[in-house]
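As structure tokens, the structure follows; a few thoughts come after it.
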Amino acid sequence: MSLLAKLFGGGKKDQVPSPAEAIQRLREVEEMLLKKSDFLEKKIGQQIATAKKHGTKNKRLALQALKIKRRFDQQLQKIDGTLSTIEFQRKALEDASTNTEVLKVMGVAAKALKGAHNNLDVDKVHDLMNEVAEGNEIAREISDAISNPIGFGQDVDEDDLMAELEELEQEEIEEHLLDVNGPATEDLPSVPISEPGRRKPVVKDDDEMNDLAAWAS
């Protein structure tokens, strides 16, 4: 029976372990093989040291040490291969366990979502949204009606307003010209005709002129 079969049970009556149990067992085997690998590397180092020690003095002992070293090398290579296989299997189990948990959660979420929608009717949802849109439209129309002032700006002729504005602008221009040219001449005081210092002769009544003429004759 193989090592993996011993770990996970090779008989038909054996219960199949869960992914978590299988991963734990693989980790235990990895630790054991790593310890054995360290032991073999130490043994290989010892045999290399022995071969160097007897290399020139005793070739038979040196060659024997190298033969033992090669057997350790072969065992170490097998352990490395087994470790690679176990590591690959462990990662595959971890991925499978993760995927299983994800699928379980997704299944629960799907059931919850379906249960949440059981009491919802698509047609009723559309009807409700139409009512909401209609209510919003009515609210907008009411707001526009309230914000529109009553009796202000109604029946106003734009042409009349423009004519009035032009008249006001013309008056403004004329007032500006008067300010620039000064006051008009008719508003100035009249200049006296007589020379300064002389009094204007007084004109007597017609009766006095007639008396004077009679006396002279």
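Here are the numbers for this structure:
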read-out	value
Distance violations [Cα-Cα > 18 Å] among LYS52/LYS78; LYS43/LYS67; LYS42/LYS67; LYS35/LYS91; LYS43/LYS69	LYS52/LYS78; LYS35/LYS91
Cα-based equivalent ellipsoid, the range 76-129: semi-axes from gyration tensor eigenvalues, Å	51, 8, 4
Cα extents of the range 34-123 along the three principal axes, largest first (Å)	99, 14, 14
Mean projected area (nm²) of the alpha-carbon convex hull when the range 10-163 is viewed from all directions	29.0 nm²
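Every read-out reported here was derived from the displayed coordinates using simple, explicitly stated rules and does not represent laboratory data. Just so we're clear, the structure is a prediction, and the values are computed from it rather than from any experiment.
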